[in-house]
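Single-structure report; data block below.
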Amino acid sequence: MSDIEPQLEPADDEGLITANDAIMAGHCATGVYRWFKEHGFDARKAMREGVKLSEVRAVNDAFGNQVIERTLARRGGN
């Protein structure tokens, strides 16, 4: 037995929103890239690696909020 506590899954706010999440929410790749760029994200990195959900939530616009809502619903979250 180990005294190490098991790692819990990260809270939703620490999960990632990926370009694929936005595409699955109904947006085109060009629009996703443009949204990342217009909101101050490194668009190329965001397209490759995703962005923290909390950072997308902080933008607080219809595009990001819709992607979060649909992504969490698809993942079985809130």
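The values are calculated or read from the model by the stated rules, or taken from the named source; none is laboratory data. Keep in mind the model is a prediction, meaning the values are calculated, not measured. Neighbour counts are summed over all protein chains in view; Cβ atoms, including those assigned to glycine, are modelled from backbone coordinates with ideal geometry.
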**OP:** Scan the range 35-66 for residues that are surrounded by 14 or more Cβ atoms within 10 Å (Cβ to Cβ) and basic (Lys, Arg) and jot them down.
**Re:** Lys37, Lys52, Arg57
Subject >> Qualifying residues in the range 1-55 (those that are β-branched (Val, Ile, Thr) and over 19 Å from Arg74 (Cα atoms)) - the one modelled with the lowest pLDDT >> reply: Ile4
